[in-house]
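Q: I'd like to ask some things about the structure below.
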Amino acid sequence: LGAAVGLALSRLCPWLEIHPGAFALVGMAGFLAASVRVPIAAIVMVSEVTGNHGLLLPCMWVCGLAYWFGNGWTLYRSQVRDRSCSPVHRAPRVRKPTVSRTLRFPGCMESPDRVT
């Protein structure tokens, strides 16, 4: 959809020198932001893939609007709406014993002159 809009604008306004490829990248980021519910990751990925931060502001706008208009729809069937709905994040935190808490090594952290 982004490439189609870019191509249409370049045909309607040839004096603006519009690059349809930039519209395609921003459109892909918007689709990712809306369908997978990860707008910040989509913005970062487009910036890293292109190696150019010139698309950062348009990408922020498109990803923000796509995320907002997505209205909670997601590509993944079992994806929760946010962390508060996740059973993993709702469970009480239990501190599991670690090796450093269960094993004791007396004298290992003392200076050599104190060890007998």
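Q: When you scan the range 36-80, how many residues do you find that are open to solvent by 70 Å² or more (accessible area, probe 1.4 Å) and small (Gly, Ala, Ser)?
A: The qualifying residues number 1.
Q: Pull out all pairs, ordered by first then second residue, where Cβ-Cβ is under 9 Å, the residues are six or more apart or on different chains, the first lies in the range 64-77 and is on the phi > 0 side of the Ramachandran plot, and the second is among the basic types (Lys, Arg).
A: Listed by first residue and then by second, the contacts come to 72/37; 72/81.
Q: Among the residues of the range 1-60, which ones are farther than 27 Å from residue 72 by Cα and among the basic types (Lys, Arg)?
A: 11
Q: A follow-up question, please. Quick check on my filter: what residues within the range 1-15 are open to solvent by 100 Å² or more (accessible area, probe 1.4 Å) and of a type in the set (A, V, I, L, M)?
A: At the first step, the residues of the range 1-15 found to be open to solvent by 100 Å² or more (accessible area, probe 1.4 Å) are 1, 11-12, 15.
Hits for the range 1-15 are 1, 12.
Q: Another question, if that's okay. Report whether or not residue 65 is under 15 Å from residue 1 (Cβ atoms) and more than 15 Å from the chain's Cα centre (by Cα). Let's see the steps before the verdict.
A: On the way: under 15 Å from residue 1 (Cβ atoms): yes; more than 15 Å from the chain's Cα centre (by Cα): yes.
Yes; evaluated as a whole, the condition is true for this residue.
The values are calculated or read from the model by the stated rules, or taken from the named source; none is laboratory data. Please read these numbers as outputs of a predicted model, since none were measured by experiment. Cβ coordinates were reconstructed from backbone atoms using ideal geometry, including for glycine residues, and neighbour counts include every protein chain displayed. Remember, those area values only see protein heavy atoms, side chains included, never the ligands or the DNA or RNA. Shrake-Rupley method; radii C 1.70, N 1.55, O 1.52, S 1.80 Å.
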